[in-house]
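The values are calculated or read from the model by the stated rules, or taken from the named source; none is laboratory data. This one's a predicted model, so the numbers in the text were calculated from it and none came from an experiment. As a convention, Cβ positions derive from the backbone with ideal geometry for all residues, glycine included, and neighbour counts pool all protein chains shown. Please note that ligands, DNA and RNA were not included when accessible areas were found on the heavy atoms of the full protein model with its side chains. Shrake-Rupley method; radii C 1.70, N 1.55, O 1.52, S 1.80 Å.
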Amino acid sequence: MKRAFFFSLITFTLLGAAEVYAVDYPLPPPGSRLIGQKQIYTVPNDGKDLEYIAEKFKTGVLLMLEANNTVDPFLPKPGSELVIPSQMLLPDTPREGIVVNLAELRLYYYPPGENRVEVYPLGIGQQGRDTPIMVTRIIQKIPNPTWTPTANIRARSLAQGIKLPPVVPAGPNNPLGRYALRLEQGGGEYLIHGTNARRSIGMRVSSGCMRMRAEDIKSLFSQVEWGTRVQIINEPVKYSQEPDGKRYVEVHQPLSQNDWDNPQTLPIAINASFGRFIDDAATDAMAVDNAITRRAGVPVVVNAMQSAPKTVAPVNSMQSVKATPQPAPITQAEGTPVASTHSVTLVQ
């Protein structure tokens, strides 16, 4: 962002020393929004940083930092245990097409006619160039797009001593990667695309578009059709009362609007529905308050003692995982895309 949930929703395939993690989660039963299973990862003595671990587990750096707020983002201590945020509540939206929750920097894709959801980390718009909230659709698929930086982007880059060319051709140095999906709203200005800045995934870095890792956008691009519904929301709080009686709250740091904002202490709005959830006798209001204060980005049980379920569902357990992350290529900055004439698009 995660009743018998299977750990097959995150598949471990051993290939020598490497492990491969899928992003498929079976959809929960009716009335449920909880998917996935928390994991504990023991950091090996391999010199890898947090970004490598985030990529290995198909998640983002900021999500890892939320779940592990005392970890060194540059070099986690060997032998230390990290929470992998692989359990989550589905957004309270129609389970159709693509759903992006900006606050958690995740994209959810619901393949039509299938009982599953795919979850991917995203890079989104930075302060002042925010990715907008919208309901729209895909109007173009572009492979191998070229990039024509706008006048504003070229001026900002020049101020930093970087002179951008009028057009960046398709290829490994293109900020849009190898595939892009153009959205209808905004005159086609916004795209979901790859990137040549791999380390920017799971961060606020773009000029408003949404970036994905190369293998993720390739997978998404191969599945979605023109006209696919896309809903973009910005909801730092998700909550659910599950069929087994458990009540969950998942709180993410809200997106800052200014350089002086601290996402860990920014106020979080409580709407009427969430207020009723908190005020319900079955909810421990103090547990909710603690979850809002901590903002760990993972589901937390907030049942009042008298209403706590008698049985513990296996989804609450944590799986211990040992894996050797593989290096990711160093990448460079993005820009505002202009699609090529090809049928697949990458948007930044």
* **Listed residues Val301, Val117 arranged by accessible area, highest first, probe 1.4 Å** => Val301, Val117
* To do: Calculate the radius of gyration of the Cα atoms of the stretch 71-169 to one decimal place, then report Dmax, the largest Cα-Cα distance, as a whole number, both in Å.
  => 18.8, 50
* Asked: Using modelled backbone amide H atoms (1.01 Å from N, in-plane), which distant-in-sequence or interchain residues come within less than 5 Å of Arg116's amide H?
  -> Leu27
* Structure fact -> With R₀ set to 41 angstrom, the calculated FRET efficiency between the beta-carbons of Asn262 and Lys163, to the nearest 0.05, is 0.70
* Structure fact -> Cα-based Debye curve of the stretch 29-71 sampled at q = 0.20 Å⁻¹ gives log₁₀ I(q)/I(0) of -0.72
* **Calculated Rg and Dmax of the stretch 168-208 using C-alpha coordinates, Å** => 10.8, 28
* Structure fact -> Phi-derived 3J(HN,Hα) across the stretch 145-155 with the Karplus relation (6.51, -1.76, 1.60, θ = phi - 60°), rounded Hz, x for Gly and Pro, is x, 8, 10, 10, x, 6, 4, 5, 5, 5, 5
* To do: Take the Cα gyration tensor of the stretch 195-254, multiply each eigenvalue by 5, square-root it, and list the three semi-axes largest first, rounded to whole angstrom.
  => 28, 18, 12
* Distance violations [Cα-Cα > 31 Å] among Lys38/Lys77; Lys77/Lys163; Lys56/Lys141 -> Lys77/Lys163
* **Tail fraction, Cα-Cα pairs, the stretch 83-128, threshold 11 Å, whole percent** => 70
* Cα pair count fraction exceeding 21 Å, expressed as % - the stretch 176-281 -> 55
* Provide the packing ranking of 235-246, 256-267, 82-93, i.e. peptides ordered by the mean count of other C-beta atoms within 10 Å per residue, highest first. => 82-93, 235-246, 256-267
* Around Ile98, what is the net charge, scoring Lys/Arg as +1 and Asp/Glu as -1 over all other residues with Cβ under 12 Å from its Cβ? -> +1
* Which three extents, in whole angstrom, do the alpha-carbon atoms of the stretch 111-176 cover along their principal axes, largest first? -> 50, 28, 21
* To do: Evaluate the Debye formula for the stretch 88-228 with equal point scatterers sitting on the alpha carbons, no solvent, and hand back log10 of I(q)/I(0) at q = 0.11 Å⁻¹, in q order, two decimals.
  => -0.39
* Asked: Per q in 0.26 1/Å, what log10 I(q)/I(0) does a Debye calculation on the alpha-carbon atoms of the stretch 147-217 return?
  -> -1.35
* How large is the accessible surface per residue of the stretch 153-251, computed with a 1.4 Å probe and reported in Å² as a whole number? -> 41
* Asked: Taking only protein heavy atoms and a 1.4 Å probe, what accessible area per residue, in Å², does the stretch 254-308 have with all protein chains in place?
  -> 58
* Structure fact -> Reduced to Cα centres, the span from the stretch 43-77 to the stretch 210-243 in Å works out to 23
